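Student: Below are the structure tokens for one structure; questions will follow.
The values are calculated or read from the model by the stated rules, or taken from the named source; none is laboratory data. Keep in mind that what you see is a predicted model, and the values were worked out from it rather than measured. Cβ sites come from the backbone with ideal geometry, for glycine too, and all protein chains shown count toward neighbours. Each accessible area value is taken on the protein alone, full model and side chains, heavy atoms only, with ligands, DNA and RNA left out. Shrake-Rupley method; radii C 1.70, N 1.55, O 1.52, S 1.80 Å.
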Amino acid sequence: MSLFQKIYGMALRAYPSAFRQRYGVEMARVFNEGLRDAQKAGYRSLFRYSVKVVCDLLVTATGERLIALEASSILVAFAAVACGCCAAYIDFHASEVQATLLVLLASSFALGCIKPRRAWFSALIIAVLLPGVHIIVFALRSSETSQGHPYLSRLMMLLPALVGSFVGAYSGVFLRFIAHRVSQWIERNNGPGPTIA
């Protein structure tokens with residue numbers, strides 16, 4: 001097996017597992033045939049084929065991932081975007097950092113409770129949007145050249161934003177886990193409860 005085939009095999013992991021099980025063998029066969037033809041034609045052809053495969057992989061794998069997402073995951077991602085933009089808005093208008101931190105913690109906590117399996121994803125979206133919105137607004141408003149490194153100073157918000165978002169999200173995950181265990185324990189000790197005839 002060549003290096004190209006090994007890389008392509010690893011790249012197929014970008015697709016959802018159900019898609020890989022259904023089409024993975026056929027995709028690998030088609031790739032191997034195209035690779036063999038491109039290698040026979042020379043380096044330029046091999047380069048063009050590699051670029052085509054990478055572009056195709058990015059587009060189709062992203063599409064298949066989006067199709068495989070549940071509606072609840074999409075809603076949580078949109079909620080995370082809204083929470084991140086809200087945190088950035090509050091950060092622009094608040095005189096103290098505590099208000100922004102409270103929004104980061106509360107919103108990521110709520111999304112961690114709602115969707116614990118993808119808590120890291122919503123926390124990441126919220127955290128990245130805080131400096132991201134600052135950089136976009138600064139780039140749009142900045143007509144004069146600023147002294148120093150204005151983008152770097154805004155990027156430095158990312159670390160505390162990540163810490164706050166991940167602490168909030170995994171606190172929500174932990175609370176949901178504890179609530180689930182407590183409800184199981186109550187059900188085991190008290191039974192399912194009385195039924196109405």
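Student: Using the structure shown, decide if S183 is out of contact with any strand residue (DSSP E or B) (no Cβ under 6 Å at 6 or more places or on another chain), open to solvent by 40 Å² or more (accessible area, probe 1.4 Å), at pLDDT below 80 and of a type in the set (S, T, Y).
Tutor: Details: out of contact with any strand residue (DSSP E or B) (no Cβ under 6 Å at 6 or more places or on another chain): yes; open to solvent by 40 Å² or more (accessible area, probe 1.4 Å): yes; at pLDDT below 80: no; of a type in the set (S, T, Y): yes.
So S183 fails the test.
Student: Go through (1) without any contact (Cβ under 8 Å) to a residue 40 or more places away in the chain; (2) under 30 Å from V137 (Cα atoms); (3) assigned to a helix (DSSP H, G or I) and name the single condition V76 misses.
Tutor: (1)
Student: Among the listed residues L111, L104, L124, which satisfies the condition of being at pLDDT 90 or above and open to solvent by 50 Å² or more (accessible area, probe 1.4 Å)?
Tutor: Details: L111 fails: open to solvent by 50 Å² or more (accessible area, probe 1.4 Å); L104 fails: open to solvent by 50 Å² or more (accessible area, probe 1.4 Å).
Result of the check over L111, L104, L124: L124.
Student: Would a scan of region 95-104 turn up a residue that is touching a Ser or Thr at 6+ places or on another chain (Cβ under 8 Å) and of a type outside the set (A, V, I, L, M)? Show your work before the answer.
Tutor: Quick first cut of region 95-104, residues touching a Ser or Thr at 6+ places or on another chain (Cβ under 8 Å) only: 104.
Applying the additional criterion that residues be of a type outside the set (A, V, I, L, M) yields none.
No, region 95-104 has no match at all.
Student: Within region 38-55, is even one residue loosely packed, with under 15 Cβ neighbours inside 10 Å, on the phi > 0 side of the Ramachandran plot, not in a helix (DSSP H, G or I) and not acidic (D, E)? Spell out the reasoning first.
Tutor: Keep residues of region 38-55 that are loosely packed, with under 15 Cβ neighbours inside 10 Å, which gives 39-45, 47-48, 51-52, 54-55.
Add one more test, that the residue is on the phi > 0 side of the Ramachandran plot, and what stays is 42.
Checking which are not in a helix (DSSP H, G or I) leaves us with 42.
The next check asks that each one be not acidic (D, E); those that pass are 42.
Checking region 38-55: at least one residue is loosely packed, with under 15 Cβ neighbours inside 10 Å, on the phi > 0 side of the Ramachandran plot, not in a helix (DSSP H, G or I) and not acidic (D, E).
Student: Let me ask another. I'd like the residue in region 139-177 that is open to solvent by 90 Å² or more (accessible area, probe 1.4 Å) and among the basic types (K, R) and, out of all such residues, is modelled with the highest pLDDT.
Tutor: The residue in question is R176.
Student: Can you give me the number of residues within region 8-37 that are open to solvent by 70 Å² or more (accessible area, probe 1.4 Å), more than 29 Å from E70 (Cα to Cα) and aliphatic (A, V, I, L, M)?
Tutor: 1
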